[in-house]
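The structure appears below as structure tokens.
The values are calculated or read from the model by the stated rules, or taken from the named source; none is laboratory data. All of these numbers come straight from a predicted model, not from anything done at the bench. Every residue, glycine as well, gets a Cβ built from its backbone with ideal geometry; the counts of neighbours run over all protein chains shown.
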Amino acid sequence: MQDEHRKAIQNNFGSLVEQTDLDVMVSALYEKGVFSEQMIEPFKDTNKDTRTRKRQLYMDIMRRGPEAFGHLLETLEENGYWNLVRELDPSSSLHLQPRISYSNQNTKSGENSYVSIRTEKKRTKSNVEVNKIQSNSDQTETAPPESNKDTMDPSGDIPYFHVVKSTKFFEDNEDKDIKLYKTRGRQRGILVIFSYIQFCNDIEKYRKGVDIDCKKLKYLFHEIGFSVIAYQDLTKPETEGTLKRLGEVLVGTECVFIVVSSHGYERAPRSSDTDIRCSDGNLISFLDIVDRFSNANFPALRGVPKVFISQLCRGRNEEWVMVPQWRRAGEGGEGEGRAAGRPPHAPGGVESDGARWAERRDLQLDRVYSDIIIAHSTVPGYVSHRDPEKGSWYIQALCEVFAARAHDCHVEKLLTLVDERMHREFAVQTSSVEKWGFNRRLYLHPGLYED
């Protein structure tokens, strides 16, 4: 294999390991002659965790001769991992535009993600893998040789923060009116991230810092016990197609989190809906995305808690108020007095970004929306702030709060604490939460599983 191809794999090693389906990749590479039948046996060894076997797969590919890289690109493209192809091959026809159009950016996203999950000819729902992440209790499995550990895996630059693990499950209390959603199994939940960072023909400003948000969210939810799927810079048709196909992997999970991060625009003054900019410049409605998960459109997720996190501007208003320092001190605890000085988003520091009931007695009426909670990083009409070096204010606060308190707080309380943290740290941005038939408590029980 040529040095430039080997280096491309090394630079994207973490993304390849995190985002690809082991069985699909092994099968396709075997059919293309990259590996012999004997050589793929180690990849089937279930005594080793899936991540370790995928690491070994991509290290072995780099030793498989001059044609292996081309076969790898073909396999990734055939299975829908188009953004990985773009990152590995600068000359790929899958690029939205020539790379040179982004050469004026100071920082380029290091976050790579695949574009879609689709039904393949030789792939059934039973072998769809969405980055199964083992809990701490499972990580006693065989580790790769020391010489191979993280020597070419850039995922090691993910900021570390301690996620407090649960020691016991919360139980339904018969004397309480509000029951609990069940979140105890190893199919605890799936986090789906849609992030839009760079845009065709530079019609929007490059969203520096969003890759940091994605890395933090992936790390946080991996530690909680979720599987993670991340999509970056999809066009509008790719976004819509991906949403349609998510049913392949979301059915059977106990909880779903969907994060949408892009430039956003209010549809009407103080509207609850927001238009989201896709990478091709087209707009898609945030509520249209939520609607895909309604009981009418996705009945298999009825009763499953669905948490939407909107990291979007919802207007252009950047106003704030100044309050006496003594008042903030009485409200804010640590960090008091922050609002008395220059607001932290000073120039250069932060960026903005059926049948009728009487006719069908055999069917039971049901509402269209339930079990949905939507957390917006800001309120209608206002911008959402982002630090180019540390990530979005809201995602910073969310990761800190969920890491520290998910073990003993339900999600509604966590989101309340997120707003409190963001107010204390940044002063001028207000988050908001909407509940659509979300009538139970949702505990994430990080790191704890029912046998």
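A few points about this structure:
- In region 199-248, the qualifying residues are those that are touching a strand residue (DSSP E or B) at 6+ places or on another chain (Cβ under 6 Å) and acidic (Asp, Glu), and the one that is surrounded by the most Cβ atoms within 10 Å (Cβ to Cβ) is 213.
- Residue that is farthest from residue 46 (Cα to Cα), among those in region 139-180 that are surrounded by 11 or more Cβ atoms within 10 Å (Cβ to Cβ) and modelled with pLDDT of 90 or more: 179
- Among residues of region 181-198 being surrounded by fewer than 23 Cβ atoms within 10 Å (Cβ to Cβ) and among the polar types (S, T, N, Q), the one that is farthest from residue 403 (Cα to Cα) is 198.
- Of the listed requirements (1) over 21 Å from residue 194 (Cα atoms); (2) touching an Asp or Glu at 6+ places or on another chain (Cβ under 9 Å); (3) at pLDDT below 95, residue 384 misses just one: (1).
- At least 3 residues being closer than 19 Å to residue 405 by Cβ is the threshold, and among the helices (runs of 4 or more DSSP H) wholly inside region 209-257 those reaching it are 210-224.
- So residue 197, is it at pLDDT 90 or above and within 17 Å of residue 82 (Cβ to Cβ): yes
- Some residue of region 222-235 being within 13 Å of the chain's Cα centre (by Cα), among the hydrophobic types (A, V, I, L, M, F, W, C) and under 19 Å from residue 442 (Cα atoms): yes
- Cβ separations smaller than 8 Å between residues 6+ apart or across chains give the following pairs from region 193-206 residues that are on the phi > 0 side of the Ramachandran plot to residues that are in a helix (DSSP H, G or I) and hydroxyl-bearing (Ser, Thr, Tyr): 201/101; 202/101; 202/102.
- Here the helices (runs of 4 or more DSSP H) wholly within region 32-118 that include at least 2 residues being modelled with pLDDT of 90 or more are 50-61, 68-78.
- Among the residues making up region 424-451, those that are within 11 Å of residue 394 (Cβ to Cβ) and buried (at least 19 other Cβ atoms within 10 Å of the Cβ) are 426, 429, 431.
- Per the conditions (1) at pLDDT below 90; (2) more than 14 Å from residue 189 (Cα to Cα), the sole criterion not satisfied by residue 213 is (1).
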